[in-house]
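Student: I am attaching a structure below and will ask some questions about it afterwards.
The values are calculated or read from the model by the stated rules, or taken from the named source; none is laboratory data. Remember, predicted model here, so these are calculated numbers, not experimental data. Heads up, the Cβs are rebuilt from the backbone with ideal geometry, glycines too, and the neighbour counts pull from every protein chain shown. Just so you know, the surface numbers come from the protein's heavy atoms only, side chains and all, with ligands and any DNA or RNA stripped out. Shrake-Rupley method; radii C 1.70, N 1.55, O 1.52, S 1.80 Å.
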Amino acid sequence: MSTIPQAALTEEVIEPPVPSQTPAPGKNKPAWMSLNFGPRMIVSLAIIITIALLAFLGPLIYPYGPGEKIGSLYDEPTAQHLLGTDNFGHDVISVLMFSTRNSLINGLMAGTLALLIGVTIGILAGYVGGWVEEALMGFTNIVVAIPNIIILILISMALQKTDIGFFKGIGGLAFVIGITAWPWTARAVRAQASSVATREHIDIAKLSGARTPSILVRDVLPYLASYVVMAWVLQLASAILAESTLSMLGLGPSGVDSLGMQLHWALAFQAVATGSWWAFLPPTIVLTLISFSLLYLQASLDEVFNPRLRRGKKKDLAKAAARRAKAARALAEQNTKVEVLS
Amino acid sequence: MSDSVFFNPSRRSLFKVAGVVAGGAALAACSSSKGASGNGSGDTGEAKKGVGNNGQVGKGRTGTAADTLFIAGFQWGNPTTFNVMSPTAAWPASSNVLQAIFETPLRWNILTGEIMPGLAKSYKVDGLTITLTMQDNITFSDGTPCTAKDFAYTYNTGKANPGLAIAAFFNAAESIEATDDKTVVIKVDSTSKNVGQVLRLLTENYVQSQAILSKIATDKLATEIISAPVGTGPFTLGTADQTQVVLKRNDKYWGKDFYGGLPVMSQIIHPIFKGNEDANLKFANGELDICQTFQSQIWKTWEGGKPTGTYLKDKPYYIPGGMPMLVFNCTKPGLDNPIVRKAIASCIDYGAISETAMSGYSATVQPSLILPTGAESKFFNQADATANGWKFDAKAAEKMLTDAGATKGSDGIYTLNGTRLGPWKLITPTGWTDWNASCDIIAKSCKAIGIDVATNFPQQAECTQAIQGGTFDLGHWYVSGVNPSSPWARFDDVLSQDKMKPIGTPGFANYGRWKNSEVTALLTAAAQATDDASKKSAYDKLDALYRKEIPMCPTMYRPDEFYEYAAVNFYNFPDANNTYAPPMFRGAGNTWMYKLKKIAG
């Protein structure tokens, strides 16, 4: 039998191989500061915030409006209009800012709606169980089985004929995306909720007389919060991409600028064939950046919420490796001494 | 504009096309160490005509491809039948597209307004009688003779089956009969007395074989599947599948003396594309010789060094021939008010439509149903159009509404006489690129002055049904273009009371169901006018009434056909400097098939 040198153990405790994510209690740090905001999150947040600022504040200071005809069909970029004009003779930068704003709003609306539906169905199915679970998950599986894009296209075409104001605008498109994008969230939340439902604190809540809605909100949902936040970020990204797909197919709302509509008109008016890169490249890049940054944010949030995925800085990892090597050497020396003594 | 049709081409046929094109291109590239195009002067220094707008010509193809003309812009889906009578007939059996397999008795020239000989070598109008004399020795491609009896029989199928498109002939004519093998006599309808309309239909409807037609039951004439069409034209159908339609030259063509020889190309291939974008890409790459598609900024192709050309060398590049309309449904509350219609007509930025949606291919439109250029210009009354018409003036448009007592709501939309001006949907088929963009501009123009209009682009069939059935609010649609009976035909399309149908019943004129008691007499007077002075007088009255009521308003002048060519294998295409033929595919446009010259000799 051998023992590990106390010094080595002390070092391990003081300087763990992987930086601690949870500070010792009583250090008076705000809870959010205990999260590991790594470079991934900083980069993704920086991109998202920059794009959002340009989309929401840019139009307030930019001198041209998106519906203002300032030139002709695909005028080339100039010092005055840095990205030239689109097929309607509108300033591309101005249209791009409004398009981005509308796409972000659409993503927020659709993503939130999808999340609400998915979480509601998932948490009910997972917690209540029984025939409720069977029914809700059966319905979810049916929706999953139908190709999403087909439902999106059909409902979008139907809504184009409506006279209800809400459905003719970007809200209508967000609604369509929202009501078709929830199934996978529901399935995942249901699995998590099923697990939480078997824990002791739920029994205590029941014994204390709490009603089901209260238990779901106060005792189940908090345990799913990290997952819900990540799902919401993914829903945002997929909603923005779905909007672009529909708009590019010409199924976007009438008279509304969006990144997909910009690409739709660019394709229709042969921007690629005529070399008018300024008409199709900027919306493509913005779309890519939004999707990339949201997916990157989701990945970094995953690291924050899931300690097993955390990655330290290289220098910390090197230090930890050195400590482990030192501890191993000390252990080996100790073993040698014990053998000699025995 | 195009119908997007998705199809599954067979790999074998695709390889064939690709092989021919690639092989031809490779051989052409190998045959010379020079660049891909020259400057339009041959080795002899002789200046070539009908070359690219930049003066360039290609090097020409070699092998089989050198004798092949590649054409596009007419067939977008799987060719199912070559039955001329079928509404879904494939190119070139579909009515009035190209006189390749079938031919018409007369041919129309869009440039001169002239009615030219076709299968009939002459026609004579004597009051309400039109007598046509057939050309000599006309034969069908199966070798049987084509006589006046075939001509009369074909047209008379419209009397036997009113569901056929050719039945429209008997709206203008009372009878047609062959008095001998070479003479056809037509009696013009004694009520409408519209000789021009009869002549127009003689330039648009093909003559077919009585022997073949008579074997088909009358009620099956439109639905019979015909895969081996027999016509009098210089080509016969070679093959047709999901990827292409191939025509082979008929070396026994009856008209080689009349046209001065056989067509230059031994075969014509029409590749079938999904939509304009694919066709335009092939055109720009020199893989098509001639094309009929809307191409945004076509000048960039020749500015980029391609030997492409259009009839006109400067904007608008194409000959105006059509007048797409914003159609108001005059049965809808709000739109039944001519003040509202005039306000909408006045708020539209026509310049923006012309410059951007139409790529500069249209002059700004005038408030008239008469084209101010070409054959119709002699009837156009500029003074009255200026005095009593409209033009883009958003402030004036809004003032019209406020002067009429309209008040603006908190949502920025006006209400007039208790009727909110909108929401109205403006429809046109999806994929009709220039029209979709025009509608976008119109909707934004309306919203800017407080009229709630939104665009909606359904599939073509659905849109056609809505327009013809009158179940729309606003539509962007077409009416009669330039033809032998225009502008009368256009006035009739827009204003006709006789052809107006109840809501829900398909109608082919006056789609907006505009009602008026005086227009029928004016239309009749215009149809019966025999000389230009009396015609102009009648058209002045019709146009004045139109400007007062505005049941539709023109949004752009569109080419009757988008005629664009690439001098990659042939040159001597008709253009403004080489005027032997009009820039057409239909009618007299067939002349270029006989006059093109091969670049590679």
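Student: Please enumerate the residues belonging to the stretch A:151-188 that are within 14 Å of chain B (Cβ to nearest Cβ), of a type in the set (A, V, I, L, M, F, W, C), surrounded by fewer than 18 Cβ atoms within 10 Å (Cβ to Cβ) and part of a helix (DSSP H, G or I).
Tutor: Within the stretch A:151-188, A:I153, A:L154, A:A158, A:F166 qualify.
Student: I've got another one for you. Among the numbered criteria (1) surrounded by fewer than 21 Cβ atoms within 10 Å (Cβ to Cβ); (2) β-branched (V, I, T); (3) more than 14 Å from every other protein chain (Cβ to nearest Cβ), which one does B:V479 miss?
Tutor: (1)
Student: Report yes if B:L106 is open to solvent by 10 Å² or more (accessible area, probe 1.4 Å) and in contact with a Gly (Cβ under 9 Å, 6 or more places away or on another chain), otherwise no.
Tutor: When the stated conditions are applied, B:L106 does not pass them.
Student: Let me ask another. Collect the residues in the stretch A:50-97 that are under 22 Å from B:I353 (Cα atoms) and among the aromatic types (F, W, Y), keeping them in residue-number order.
Tutor: A:Y64, A:Y74, A:F88
Student: Collect the residues in the stretch A:160-175 that are touching a Phe, Trp or Tyr at 6+ places or on another chain (Cβ under 9 Å), of a type in the set (A, V, I, L, M, F, W, C) and modelled with pLDDT under 90, keeping them in residue-number order.
Tutor: Within the stretch A:160-175, A:F166, A:F167, A:L173 qualify.
Student: Another question about this same structure. Which residue is most open to solvent (accessible area, probe 1.4 Å), if the candidates are limited to the stretch B:344-392 and must be charged (D, E, K, R) and touching a residue at least 12 places away in the same chain (Cβ under 8 Å)?
Tutor: Per the criteria, the residue is B:K391.
Student: Going residue by residue through the stretch B:529-546, is there one that turns out to be within 13 Å of chain A (Cβ to nearest Cβ), of a type in the set (D, E, K, R) and crowded, with 21+ Cβ neighbours inside 10 Å? I'd like the intermediate steps shown before the answer.
Tutor: The initial filter retains those residues of the stretch B:529-546 that are within 13 Å of chain A (Cβ to nearest Cβ), namely none.
Looking through the stretch B:529-546, none of the residues is within 13 Å of chain A (Cβ to nearest Cβ), of a type in the set (D, E, K, R) and crowded, with 21+ Cβ neighbours inside 10 Å.
Student: Could you tell me which of the residues B:V51, B:V97, B:V84 is crowded, with 24+ Cβ neighbours inside 10 Å, under 27 Å from the mean Cα position of the chain (by Cα), β-branched (V, I, T) and not assigned by TED's automatic domain parsing to the domain that holds B:Y571?
Tutor: Unique residue meeting the criteria: B:V84.
Student: Still on this structure, please answer the following. Can you find a residue that is in a loop (DSSP other than H, G, I, E, B) and at pLDDT below 90 anywhere in the stretch B:13-32?
Tutor: Within the stretch B:13-32 (the criterion being in a loop (DSSP other than H, G, I, E, B) and at pLDDT below 90), the answer is yes, since at least one residue qualifies.
Student: What number of residues within the stretch A:208-253 satisfy the criterion of being away from chain B (no Cβ under 14 Å), in a helix (DSSP H, G or I) and over 16 Å from the mean Cα position of the chain (by Cα)?
Tutor: Taking the stretch A:208-253 first, the residues away from chain B (no Cβ under 14 Å) are A:208-245.
Right, trim to in a helix (DSSP H, G or I) and you get A:212-245.
Filter once more, keeping what is over 16 Å from the mean Cα position of the chain (by Cα): A:212-223, A:244-245.
Result for the stretch A:208-253: 14.
Student: A:P59 - would you say it is under 29 Å from the mean Cα position of the chain (by Cα) and within 14 Å of another protein chain (Cβ to nearest Cβ)?
Tutor: Working: under 29 Å from the mean Cα position of the chain (by Cα): yes; within 14 Å of another protein chain (Cβ to nearest Cβ): no.
No, not satisfied.
Student: Shifting gears a bit: If I go through the stretch B:447-458 residue by residue, how many of them are touching a helix residue (DSSP H, G or I) at 6+ places or on another chain (Cβ under 9 Å) and facing another protein chain (nearest Cβ under 10 Å)?
Tutor: The total comes to 8.
Student: Taking only the stretch B:417-443 into account, find how many residues are closer than 20 Å to A:F166 by Cβ, facing another protein chain (nearest Cβ under 8 Å) and under 32 Å from the mean Cα position of the chain (by Cα).
Tutor: 2
Student: Determine which single condition B:N285 fails, assuming it passes every other condition in (1) open to solvent by less than 20 Å² (accessible area, probe 1.4 Å); (2) out of contact with any strand residue (DSSP E or B) (no Cβ under 8 Å at 6 or more places or on another chain); (3) not assigned by TED's automatic domain parsing to the domain that holds B:S377.
Tutor: All conditions are met except number (1).
Student: Answer yes if at least one residue in the stretch A:132-144 is open to solvent by 70 Å² or more (accessible area, probe 1.4 Å), more than 14 Å from chain B (Cβ to nearest Cβ), among the hydrophobic types (A, V, I, L, M, F, W, C) and part of a helix (DSSP H, G or I), and no otherwise.
Tutor: Yes: the stretch A:132-144 contains one or more residues that are open to solvent by 70 Å² or more (accessible area, probe 1.4 Å), more than 14 Å from chain B (Cβ to nearest Cβ), among the hydrophobic types (A, V, I, L, M, F, W, C) and part of a helix (DSSP H, G or I).
Student: From the set of residues in the stretch B:327-378 that are within 14 Å of chain A (Cβ to nearest Cβ) and of a type in the set (D, E, K, R), which is farthest from A:F269 (Cα to Cα)?
Tutor: B:K332
Student: Still on this model: In the stretch B:285-324, what count of residues is obtained for those that are more than 14 Å from chain A (Cβ to nearest Cβ), within 22 Å of the chain's Cα centre (by Cα) and in a loop (DSSP other than H, G, I, E, B)? Lay out the reasoning, then the answer.
Tutor: Let us first name the residues in the stretch B:285-324 that are more than 14 Å from chain A (Cβ to nearest Cβ), namely B:289-290, B:292, B:307, B:309-314, B:318-324.
Next, from what is left, pick out any that are within 22 Å of the chain's Cα centre (by Cα): B:289-290, B:292, B:309-314, B:318-324.
Keeping just the survivors that are in a loop (DSSP other than H, G, I, E, B) gives B:289, B:292, B:311-314, B:318-319, B:323-324.
Result for the stretch B:285-324: 10.
Student: Step by step: first the residues of the stretch A:254-273, then only those that are crowded, with 23+ Cβ neighbours inside 10 Å and either part of a loop (DSSP other than H, G, I, E, B) or basic (K, R) (or both), then the one that is farthest from the other protein chains (Cβ to nearest Cβ). Which residue is that?
Tutor: The extreme case among them is A:S258.
Student: Moving on to the next point. Residue under question is A:G89, and the condition is that it be in contact with a Lys or Arg (Cβ under 7 Å, 6 or more places away or on another chain) and within 14 Å of another protein chain (Cβ to nearest Cβ); does it hold?
Tutor: Yes: the conditions hold for A:G89.
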